[in-house]
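Undergrad: This is the structure I have questions about; it appears just below.
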Amino acid sequence: TCALPIWKEIPFVILAAGPSLESILPHLEEIKKRAMIICVDTALHACLRQNVEPDFIILADPQYYCSLHLEFLSAPSSILITEIAAYPSVLRFKCRETVLFSSLFPIGQFFESQTGEKGKLAAGGSVTTSAWDFARLCKASRIFMAGMDLGYPGKETHIRGSKFEEKAHAESSRTKTSETANSAALFSANPTIEKDYNGNDIITDKRMRLFSWWFETQCTQSRSYGTETFTLTPESLAIKGIEIFSISSFLEFPVIENEKKEFFANAERNRSSLPDKLLFESMKKKFSEDLVELENLAKKGIDITSKALRDRTKIRQSLDILSDIDNHILNSDAKNSASLVFPTKRQLDKMAKEIPCGNEFEKEMYPIQYSKLIYTQILSSVKLFKRFFSSF
């Protein structure tokens, strides 16, 4: 890991994978001489197609499919910024260096609480939000967005050659063409017509409006702290707090290659030390012990509820014991990690429909039955977690 250097004189350009990025690609080589380039994972293919390796690559989503954005690619001069929950192949990506930011998930947070926090990046639902927040944390006074369309200019969903487009072509058939997939993306989330920076109509939807709200809020607030955000692609959805900036004016900026070298040299000087291995091993041991404790609590809860279901006279006594078990579970350091594989409330309620509650007796026993269901699911989650954690 490395500490973020403070450097206000370097513009930061964020490359997202919207269709409008196509207009910026021919200028990438000149842009890199004048700015720090942060490329989101979905736009890397387009960036490398121009023989330009970005300064930073951001990958925040741990899903397998997102790892495919880096598949068969390499960027030896780029720094990959990701988190420990990333799909394993991401950590084998050939680049200058891989830097971790603080995990978005409970098990990572558990270890970081003792071994040292990496540094948090905002998660606004899109990897572009994390890229913008990284530039902000570098104290950039000017952040330029490119290809962050948050809509579908020209009724296109992504820049040509992206994994999303290639997937649509690869899965197309005579009865399910790539155009069918494109139409589904356009109209699956309550599409509306808004305006781009040129005042032209652009199709957007409720998902994109959520992202635009995030940027409107953050960019407006950050302006008061000295960070301004612009867009180099006027075909994008117009967002309050982000002003248009012409590419021709940007290319008049001075070349700052020496300043960029000093930026990385400063980062190297401020590099934080690696976590102590013995401390890390002790945290692994503690986490394993916490999982065992959680497992024993769940087994005890199942045993108590089973006895209460067999003997109604034990209900009141059982509820007091179950309340104590619940308090121990809520105070367990491992509960949040185990919750990753625990059913949602909606799933629990669906399972609970199998519990009979027609007559008075069944209604009286329903809370006990529901408690047993929860303890059973906790036990199942812990066992699943232990199975994977044992190989770690």
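Undergrad: For A46, state whether it is modelled with pLDDT under 95, in contact with a Leu (Cβ under 9 Å, 6 or more places away or on another chain), among the small types (G, A, S) and open to solvent by 10 Å² or more (accessible area, probe 1.4 Å). First the steps, then the outcome.
TA: Working: modelled with pLDDT under 95: yes; in contact with a Leu (Cβ under 9 Å, 6 or more places away or on another chain): yes; among the small types (G, A, S): yes; open to solvent by 10 Å² or more (accessible area, probe 1.4 Å): no.
For A46, the condition - modelled with pLDDT under 95, in contact with a Leu (Cβ under 9 Å, 6 or more places away or on another chain), among the small types (G, A, S) and open to solvent by 10 Å² or more (accessible area, probe 1.4 Å) - is not met.
Undergrad: When the residues of the stretch 138-151 are filtered to those that are assigned to a strand (DSSP E or B) and open to solvent by less than 10 Å² (accessible area, probe 1.4 Å), which remaining residue is nearest to K120 (Cα to Cα)?
TA: Our first condition is that a residue be assigned to a strand (DSSP E or B); within the stretch 138-151, this holds for 142-146.
Applying the additional criterion that residues be open to solvent by less than 10 Å² (accessible area, probe 1.4 Å) yields 143-146.
Values: I143: 19, F144: 21, M145: 21, A146: 23 Å.
Taking the candidates together, the pick is I143.
Undergrad: Please list, ordered by first then second residue, the pairs with beta carbon atoms under 9 Å, 6 or more apart or interchain, first in the stretch 60-76 and of a type in the set (F, W, Y), second part of a helix (DSSP H, G or I) and modelled with pLDDT of 90 or more.
TA: Qualifying pairs under 9 Å: Y64/S89.
Undergrad: What's the number of the condition L232 fails, among (1) at pLDDT below 90; (2) in contact with a Phe, Trp or Tyr (Cβ under 6 Å, 6 or more places away or on another chain)?
TA: L232 satisfies every listed condition except (1).
Undergrad: So, restricting to strands (runs of 3 or more DSSP E) that lie completely within the stretch 1-92, which ones have at least 1 residues that are more than 24 Å from A122 (Cα to Cα) and touching a strand residue (DSSP E or B) at 6+ places or on another chain (Cβ under 6 Å)? Talk me through it step by step, then tell me what you get.
TA: Working: elements: 12-15, 36-40, 56-58, 75-82.
Strands (runs of 3 or more DSSP E) meeting the threshold: 75-82.
Undergrad: For the condition within 22 Å of Y152 (Cβ to Cβ) and under 25 Å from the mean Cα position of the chain (by Cα), what is the one hit in I247, I242?
TA: On the way: I247 fails: under 25 Å from the mean Cα position of the chain (by Cα).
Criteria check complete, one pass: I242.
Undergrad: Follow-up question, since we're still on this one. Pick from the stretch 101-135 the residues that are at pLDDT below 85 and among the acidic types (D, E): which of them is farthest from R271 (Cα to Cα)?
TA: Among them, the one singled out is E112.
Undergrad: Could you tell me how many of the residues in the stretch 333-351 are open to solvent by less than 80 Å² (accessible area, probe 1.4 Å), at pLDDT below 85 and out of contact with any Asp or Glu (no Cβ under 7 Å at 6 or more places or on another chain)?
TA: The total comes to 10.
The values are calculated or read from the model by the stated rules, or taken from the named source; none is laboratory data. Because the structure is predicted, anything quoted here is derived from the model rather than measured. Neighbour counts are summed over all protein chains in view; Cβ atoms, including those assigned to glycine, are modelled from backbone coordinates with ideal geometry. Heavy atoms of the whole protein, side chains included, go into the accessibility calculation; ligands, DNA and RNA do not. Shrake-Rupley method; radii C 1.70, N 1.55, O 1.52, S 1.80 Å.
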